[in-house]
Structure formats: structure tokens, C-alpha cells
Amino acid sequence: MKRIIFISFLLAWPAWSPQVHAQSANYLGVVVASYERGYYDEVVGNAQKALADTAPYTPSDLVYLRTYLSFSLVALGNDDQAVEVFKIILVSKPKLELNPEFVSPKIISVFKRAQLEVAQSQGQSGVQPGLIFDKGKPKKMPCLWRAALWPGWGQSYRGEIKKGKILKRSALGIAAGLGAVFLGTYLSHQSYLNATDPDVIGSKYDTYNAWYKTRSFGINLAISFWFYSALDIVLTD
């Protein structure tokens, strides 16, 4: 029966001596915490440090460490290294599968590549590359509507972790700036409407006009940025 890996429930440590348990659990905890915060370089460093001496770890621990290591390598764009780590996992767990509900299509496609290479190295026939990658390949439409709702969401969904994070943060900055500009435009407009002194009406209008132009620029910038996010999904794989 195939074993399904859930990202949120990868740790399931059996009982062994307290000293070994504390040492391995410490590394596992650090790796998990770094991965959940998106510190993929730290995951790679700590996982490789832990794997330098595998004696304190059970076979299950090693699978978990290598799984987080391979996931982080994919996130960092090191697909070839991730394939090699996945292949080591598949030697001990040949029927291992990843759950597409919890794992990005990009990671699954790299994992399928490792499965294919392991199968070919073992002389297994009948494995069709096109079919083995179909399950993990994201379709355009789910990515597109996510990117249209919030830039970067669609990119993250299809496994482009770095690009997705940059676009999400940029969209957040644009949205926050646009909110501030709308507020400034409203307040300056009210100040202009409430002005009664002829000597200050002109300056109030100039202030309002500057805010109005800034708001128009912000709206155009936001529309262009949202459009770019959607267009990126359409034009790239």
C-alpha cells in the first residue's frame, strides 16, 4: 500500500533511547521550523549536517530529513540535486508517493522524474515519461484565476516559490500604498471643499489635485501589476 506524505504530519518518531531521540528530534525540529518559515537555505544546511552522521536516526527519520531537504532544493531551483535526494528515498521506500493536495505540482514533477530514473536504472520497462509527469503538471486555469485574484498566488501554486513570494509581497505593498493614496485623496478633497478662505482655496486645490494624480497613477500601476501576474501564467510554463 502506497504511503502518502502529508507536509503537516511528516514527523512520527518511534520510541528509542532518550539521548538518541533528543539529538535526532532536535535536528528534525530545526529542519521543520526552517521549512515552515521558508528558510530553505537553512533547511538544506541543517539537513545535510544531520545526514553527515546517520547513526542516530531511524530509517523513518532519514526519509523525513531527506524529504524536507529535497523539497527545499526544489524551492531553491536545484532540481537536479533534489532528484538525487528523492532517488535515495525511493531506494528505501520504492512505493512512496506525494499527496498533490499538500505538495506543489513543481515538487511532484521533480519527484516523478526521480521515480522514472529509478525505474530506468532498475531495468523496469513500460514506464512512459509523458504519463508519469501528467499527474503533477498544473493546468493553466487554476493557476490563472489565482494569479488574477492575487499576484504570485498562481505562481506559488504551480511551484514557482521564489517568484510567487516576490509577487505576493509586491502586490501587498502596492495594495497598501493604494489604500494610503485613496485616503489622502479623500481627505485632501474634503479639505478643499471645506475651505472658505480665498487665500488658501488655491493651495488646497493644488494639494487635492496632486493626490488625485497620484491616485490615478497608483490605480494604473495596480492594474498593470495584476495584469502582468496573469499574463505570466499564460505565457510561461
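Things to note:
- Residue satisfying condition, being on the phi < 0 side of the Ramachandran plot and buried (at least 16 other Cβ atoms within 10 Å of the Cβ), within set 204, 213: 204
- Residue in region 158-185 that is surrounded by the fewest Cβ atoms within 10 Å (Cβ to Cβ), counting only those that are in contact with a Lys or Arg (Cβ under 7 Å, 6 or more places away or on another chain) and assigned to a helix (DSSP H, G or I): 182
- Matching option when the condition is touching a residue at least 12 places away in the same chain (Cβ under 8 Å), touching a Gly at 6+ places or on another chain (Cβ under 9 Å) and either over 21 Å from residue 155 (Cα atoms) or of a type in the set (Gly, Ala, Ser) (or both), among 104, 70: 104
Where a number appears in this text, it was derived from the coordinates with a stated rule and is not lab data. Keep in mind that this is a model prediction, so the values were computed, not measured. Every residue, glycine as well, gets a Cβ built from its backbone with ideal geometry; the counts of neighbours run over all protein chains shown.
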